[in-house]
Every structure is written in structure tokens, then in C-alpha cells.
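In what follows, a structure is listed as C-alpha cells, so that the remarks can point back to it.
The values are calculated or read from the model by the stated rules, or taken from the named source; none is laboratory data. Nothing here was measured: the structure is a model prediction, and the numbers come from that model. When we count neighbours, we look across all protein chains shown, and the Cβ atoms used for this are built from the backbone with ideal geometry, even at glycine. Side chains included, ligands, DNA and RNA excluded: accessible areas come from the protein's heavy atoms. Shrake-Rupley method; radii C 1.70, N 1.55, O 1.52, S 1.80 Å.
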Amino acid sequence: MSKMNECKIVMYHYVRPIKNSKYPNIKGLELHGFQRQIEFFKKNFHFINMGELLASFYSNTDIPKNSILLTFDDGFKDHFSYVFPILKKLNIQACFFPPSKPIEEFSVLDVHKINYILSTTSQDELIEEIFQLIRGNKDKFALKNPEDYFNQLAIPSRFDTKEAVFIKRILQRELPKELREDITNKLFIKFVQENETEFSKQLYLSISEMKEMTEAGMYFGSHSYSHEWLSYVDTASLKDEIKRSMDFLKKVNTDSQELVMCYPYGNYNENVIKQLTETGFKAAVTTEVGNAVITKENLFKLKRFDTNDFPQ
């Protein structure tokens, strides 16, 4: 039986010079804030890599006290352009979890379209647009009144207003897939006004960039194929999400003995864990907040902190 080991895992998404970018209102971490945060971690923690985390369970080894592991979700080009040079210079191995679909198909995931839609217009205007589109499709899709959806979904989170949470949930999960994709595309075209293929190439990592990062010691794990809410899809679709993601990771020479899942939206259930273990995954990280406790019971429920939980 492995020893009780704990560490802190930190979660990042957008990391860039935000204020001077084309989208200054995107919610992310300013590059200088990231640099200062890394200096804080250097003084107060011991950096570990994914291999050391897994070995602490599977090989029954200890990890140092005050250990910390850095993780970067969603496969943004930010991670190659801004994060990677800093990590490489300091000899820090971090973990990157890209979804495969947008990189292979030069598309933009709905979750990221929503991020950019939110960064370009007011939440009140967006809600008004969404209400109108729900009313216009109410009979076709047997929908509830938009006000009912709002009352159900508009619950503030740690970092979002109730209005932002409503916009995300109604467009990410609540409406029928065909309708939510159609509404998201309409809003993206209206408010962001970007060509999706070109936008995708600018937003996400390329396979060649991922290979360069892997060769420099960075770890790449799975963030599924299309960034679905995994507990909401049927088992056949879930297996397909996992397999296509694994096939994608083989292109960047990720060690198949150290496969780790980062749950999209932090969403999972026991069936998701069952499919991962049967496929050969060794662990999974969540968006639940707290120390990662590396035990049999928690190996597929590893908690993480957000970058905003630490000084910047």
C-alpha cells in the first residue's frame, strides 16, 4: 500500500500580456503576474513533475514536503509562446492538457467561443440575445421559458457572476446540442467577428509546438477529444472521446505508461473513472479545490488550486 502523499496542483488557462492584446477583457493571468507567481513558488515550494506524482503511488515513493505541480488546460498557444520559455529556463516540468479536436480540425471549441463572446460585449446584452433565441426556438425544441433557465442556472461561482455562469451553462450544457452550437456560432460571428479557422490557428498549440515542448521535458495528458461534459455523454461516446484523445497524444510521443486525464469542466462520475482505468489511465485531475491527496481513493479525483488562489 502506498504512503499518504499530498501536494499542491495549480491550474492555469490563459497566460499572456492581456491588457495589450486584441482581447484585453479576456479572463486570464497577465504574463508579469505569472512570472511573479513562479518566483513565489520557487521560494516557498518544491516543484515536482507528473512522473514523480505517479511514482509516489505506483512505486510507493515519497515526494518532498511542500511539493507543487503546475498544470495548464485547454492547449492554448499562450503556453508555447509565453509559459514554455519561462519553464524551460528554470528547468521546471509542467503538465499540459490540450483537447484534440480544435488542434486537429482547426476549429474553436464552444467553451472558448463563449470566453471571447463574454470578453467583447456586456453580459446583459448577451442574456437578452440568448433569451430571444430561446423564445424563437421554444416550440421546435420543446424548451422552457428563458426565465426558468435563468433561475435554474444563474448561481455565482468562485470567479464568475451569476449572469456569466448562466451564459456559460446554457450554451455549454443545458440546451440541446444542435441549438446551443447554433446560438454560440451566431453570437461568435456577431460579437467576435473572426474567421474560425484562422482564429483556431492563433489560439491553440500546433502538434509541432507540442513536440518541441515534449522534447524539452514537458508532460502532455488528455483533456478529452472535444471537451465535452464527460458524465453527460453515453458510454460509447465517452469511449470514443478517450480513444481519439489517446491517438492524438501518440503524435507527440507522450508516454503511454503515464496517461493522466484532466476532466473538461472538472466533470466526471464513476463511469468516467471506470472507462479511464480500463483504458490504462493512471490518474485524473479535477477542478475541485484543495490539496491533491495521492491515494487509491483519490487518484482519479485529484484536487487543484486555481492560479488566483496564490499571490501574483
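Could you sort out which of Lys138/Lys301; Lys19/Lys251; Lys8/Lys89 sit more than 31 Å apart by Cα distance in this structure?
Too far apart for the 31 Å limit: Lys138/Lys301; Lys19/Lys251.
Would you work out if the range 176-282 is rounded, prolate or oblate? Take a ≥ b ≥ c from the square roots of the eigenvalues of the alpha-carbon gyration tensor; rounded if a/c is under 1.5, else prolate when a/b is larger than b/c, oblate otherwise.
Oblate, because a/c is 1.5 or more while a/b does not exceed b/c.
Could you go through the range 19-30 in sequence order and give the Karplus-derived ³J(HN,Hα) for each residue, using 6.51 cos²θ - 1.76 cosθ + 1.60 with θ = phi - 60°, rounded to whole Hz, and x for Gly and Pro?
Karplus-based 3J(HN,Hα) across the range 19-30 equals 4, 9, 9, 5, 10, x, 9, 5, 7, x, 10, 4 Hz.
Would you please give the residues with an amide H less than 5 Å from that of Ala283, counting only those at least 5 places away or on a separate chain, with H modeled from the backbone geometry?
Under 5 Å from the amide H of Ala283 lie the amide H atoms of Met261, each far enough along the sequence or on another chain.
Between Ser81, Ser100, Ser157, where does the largest GNM mean-square fluctuation fall for the chain, given springs only between Cα atoms within less than 10 Å?
Ser157
Karplus couplings for the range 198-214 from phi (6.51 cos²θ - 1.76 cosθ + 1.60, θ = phi - 60°), rounded to Hz, Gly and Pro as x?
Here the 3J(HN,Hα) series is 5, 4, 4, 5, 7, 8, 10, 4, 9, 4, 5, 5, 5, 4, 4, 5, 4 Hz.
Using Cα positions and a limit of under 19 Å, work out the lysines in reach of Lys250, with same-chain residues fewer than 8 apart set aside.
Candidates past the 8-residue exclusion: Lys101, Lys211, Lys239, Lys282.
With label points built 7 Å along Cα→Cβ from the Cα atoms of Ser231 and Asp62, find their separation and express it in nm.
3.6 nm
Using the Kirkwood radius over C-alpha pairs as Rh, can you work out the diffusion coefficient of the chain via Stokes-Einstein at 4 °C, viscosity 1.567 mPa s, in µm² per second?
The calculation lands on 64 µm²/s.
Counting only residues 5 or more places away or on other chains, whose amide H sits under 5 Å from the amide H of Phe47 once H atoms are built in the peptide plane?
Ile68
For all pairs of alpha-carbon atoms in the range 1-160, what percent lies in each bin of width 5 Å, listed from the first bin to the last filled one?
P(r) for the range 1-160, in whole percents per bin: 2, 7, 12, 15, 14, 13, 12, 9, 6, 5, 4, 1.
Using the Karplus curve 6.51 cos²θ - 1.76 cosθ + 1.60 with θ = phi - 60°, work out ³J(HN,Hα) for each residue of the range 107-115 in order, rounded to whole Hz, and write x for Gly and Pro.
Per-residue couplings from phi come out as 10, 10, 4, 4, 4, 7, 4, 5, 4 Hz.
Taking only protein heavy atoms into account and a 1.4 Å probe, give the accessible area per residue of the range 210-312 in Å².
Computed with neighbouring chains in place, this is 42 Å² per residue.
For the chain, which whole-number percentage of the solvent-accessible area (1.4 Å probe, protein heavy atoms only) is attributable to carbon and sulfur atoms?
47 percent
Once R0 is set to 25 Å, what does the formula 1/(1 + (r/R0)^6) return for the Cβ-Cβ distance between Glu215 and Asp240, expressed as a FRET efficiency to the nearest 0.05?
Computed FRET efficiency for Glu215 and Asp240: 0.30.
From the C-alpha gyration tensor of the range 1-43, pull out the three semi-axes of the equivalent ellipsoid (sqrt of 5λ each), sorted largest to smallest, in whole Å.
So the equivalent ellipsoid measures 31, 13, 5 Å along its semi-axes.
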